[in-house]
Amino acid sequence: MRTPGLFLQIFFGLVVTSHSQTTAQGGAETPTSFVDNAMKLREEVLFKLEPGGIQHSLTDTIPGKFFWHTSIVTTTFWIGETPGGNNPIPNESSAWDSNWSRNYGGLDLPESGDRQGFLPAKFVPRQNPFYIALPYNDVSGGKTKPEAAQIIPWFKATFVKSGQSVLKGRWLAVRKGSRTCYAQWEDVGPFQTDNWEYVFGNDRPRPNLNRGAGLDISPAVRDYLHLSPTDTTDWKFVEASEVPPGPWTLYGDNNTFVIDRRKREQIAKRQ
């Protein structure tokens, strides 16, 4: 497996420089600065490296060994979405965050006129705009489900306490044709909350009102992959170490790469 170390160093060096310049000027980052600074990075730096997909068993947890779920009907959802049509549940809250919309910073409206680049046009999100939902929740009634330890490959390595999800924030690769996008698991759906046989196994998604949809994606993921509102994609779990540089690494208090970058900046300030 190729490692993106050199590209990560180049990418994060550019991002930190841009961030420091903005902060020094006394202003917060804006959607315009996101487009001006981040999107000018050359595509071979941002998007060249993608991990290969090799099919393996459910219990294989070695980085790079998760298998692709192929030809999955994929629908777009967004933070702050109201019930309507085939969506009976409002998305102001998520399965793991009762204040999801507020913590995000506002509504992640999907229409092109409400967006700038991969961000909402009116605010910089405080969480990663590249997010997805899958139809399994490892928590019910404030407690971790009994089967979670047996079915979630990374459970033992990440479990903290009962009732604290080991799924929230997990990275996925979502693929359409020759393009691959990376996103974090931040909600549960569509429709199901217990379809672990599909999410962690080889089953197909259960039938539902949206043509058997098995993956919900955010507007940012949709736009990066050039998808229709209802489309088909392939997806698989990935380790954070496999995620290449890209717009999915730039924003969000919940973003693995933002958290790591801030830690490095704090260390640099103390030196």
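FYI, it's all coordinate maths here, none of it is from the lab. Quick caveat: nothing in here was measured; it's all calculated off a predicted structure. Virtual Cβ from ideal backbone geometry, glycine too; neighbours counted across all protein chains shown.
Assorted remarks:
- The range 112-184 versus the range 207-236: alpha-carbon centroid distance in Å: 15 Å
- In nm, spacing of pseudo-spin labels at S71 and E111 (7 Å Cα→C-beta vector): 3.6 nm
- Hull shadow area, averaged, the range 84-149 [alpha-carbon convex hull, nm²]: 6.0 nm²
- Taking each of K236/K269; K65/K122; K65/K156 in turn, the alpha-carbon distance tops 28 angstrom for K236/K269; K65/K122.
- Additional length obtainable on full extension of the chain from N103 to Q164, 0.36 nm per residue less Cα span: 20.2 nm
- Projecting label points 7 angstrom from Cα along Cα→Cβ for A268 and S178 puts them 3.5 nm apart.
- Modelled FRET efficiency - R0 22 Å, R206 with H226, Cβ distances, 0.05 increments: 0.20
- Farthest towards the positive end of the charge dipole of the range 174-246, among the residues W196, G177, P207, is the Cα of G177, using unit charges on the Cβ of Lys, Arg, Asp and Glu.
- Straight-line reach from K263: taking Cα to Cα under 22 Å and skipping same-chain neighbours fewer than 8 places apart, the lysines in range are K168.
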